[in-house]
Amino acid sequence: MLIATCNVNGIRAAVRKGMQEWIASASPDVFLLQEVRAPEELVPELVGDHYQIVQQACEIKGRAGVAIAVKNGLDIGRVSIGLGADLPDSDPDADARTVWERPSEPPVDTGRWVEVDIPEYGTTFVSAYLHSGNATDEAKMTAKYSHLDRVTMRLEQLQRNRPAEVPYVLVAGDFNIVHTERDITNWRSNHNRTSGVLDPEIAYVDRWTRDLGYVDVQRSLIGDDQAEYTWWSQRGKAFDNNVGWRIDYHLASPQLAERAQSVRIDRAKSYDQRWSDHAPLLITYDMEKA
């Protein structure tokens with residue numbers, strides 16, 4: 001079972017730059033997309049005829065958007081659209097967590113979370129696009145932390161009382177958080193200065209992997225080595241010089257992580273061959289169909 005995730009940075013632009021050719025070559029069984037930034041009716045054709053699409057567009061036109069592309073022939077079970085769909089109504093902060101602190105801003109939690117069960121592989125797949133934030137903008141960081149609180153709540157729920165026919169969980173996507181200094185080129189100049197490299201953000205990933213028991217699959221496969229990156233700034237020569245960040249993840253339940261066999265990042269050979277500012281992260285799992 002080959003599972004791919006990528007922030008496509010606008011699917012229409014990605015298709016113009018070669019995304020469909022990459023899909024045909026890589027042929028993932030499940031492809032999780034983030035920052036789709038397109039009307040939902042356009043996405044199936046842009047991904048291609050070999051896939052079924054489940055998605056959530058953002059309420060703000062041209063922003064966010066997540067999708068899960070499942071190869072034809074695999075049966076889709078339960079679908080859940082949106083992060084708040086299964087969170088408890090009794091949460092006293094629920095309303096506050098769906099809006100920016102600034103009243104002029106619209107809701108921020110749409111187009112960021114979609115779930116699909118594939119019983120044949122016994123797995124719940126989640127495509128997640130977490131807020132980027134801005135270290136110099138307190139309101140945006142407040143919104144980011146509120147969103148991360150909701151993510152934590154959902155991750156806790158997904159671990160509890162798994163149905164027998166779907167025992168595994170895989171949450172993959174653009175988390176916009178660097179976990180350790182081995183996941184970024186310039187740790188010292190960014191640590192606690194730049195959003196994505198702040199200790200309070202990193203603490204969430206610590207909680208997910210330490211307290212909730214999820215496994216960062218790429219890290220588990222490569223050990224303590226400096227990671228291959230999945231994102232490079234568009235500024236300067238970041239891509240050419242491989243000045244990157246690892247902010248895209250496969251976060252798996254322990255039983256699924258044990259089945260991970262290999263990982264690769266499909267980094268373009270040159271800047272002009274990129275179809276996104278992110279590179280696809282692909283992991284092969286040893287799974288048999290039920």
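The values are calculated or read from the model by the stated rules, or taken from the named source; none is laboratory data. The structure presented is a predicted model; accordingly, all values stated were derived computationally and were not measured. Cβ coordinates were reconstructed from backbone atoms using ideal geometry, including for glycine residues, and neighbour counts include every protein chain displayed. When the accessible area is computed, the model is the full protein with side chains, heavy atoms only, and any ligands, DNA or RNA have been set aside. Shrake-Rupley method; radii C 1.70, N 1.55, O 1.52, S 1.80 Å.
Structure notes:
- Relative to the current alpha-carbon distance between D266 and N161, full extension at 0.36 nm per residue lengthens the span by 34.3 nm.
- Interatomic Cα distance distribution for region 2-285, bins of 10 angstrom, percent: 6, 30, 39, 22, 3, 0
- Region 10-34 and region 219-280: distance between their alpha carbon centers, rounded to Å: 16 Å
- In region 2-285, the portion of solvent-accessible area held by carbon and sulfur atoms comes to 45 percent [1.4 Å probe, whole percent, DNA, RNA and ligands not counted].
- Ranked packing of 229-236, 65-72, most packed first, by mean Cβ within 10 Å: 65-72, 229-236
- Average accessible area per residue (Å²) across region 2-285 - probe 1.4 Å, nucleic acids and ligands excluded: 43 Å²
- The distance between label points at A26 and E41 comes to 2.9 nm (points 7 Å beyond Cα on the Cα→Cβ vector).
- Of all lysines in the structure, those lying under 29 Å Cα to Cα from K71, and not within fewer than 8 positions of it along the same chain, are K17, K61, K269, K289.
- Kyte-Doolittle mean at least -0.5, axial Cα span of 18 Å or more - DSSP H helices of the chain: none
- Backbone N under 17 Å from the S220 label point (7 Å along Cα→Cβ), restricted to region 255-285: 255-264, 282-285
- Estimated at 0.36 nm per residue, the fully extended path between R78 and E181 surpasses their Cα-Cα distance by 33.3 nm.
- Amide H contacts under 5 Å for T110, placed H, 5+ residues apart: E59
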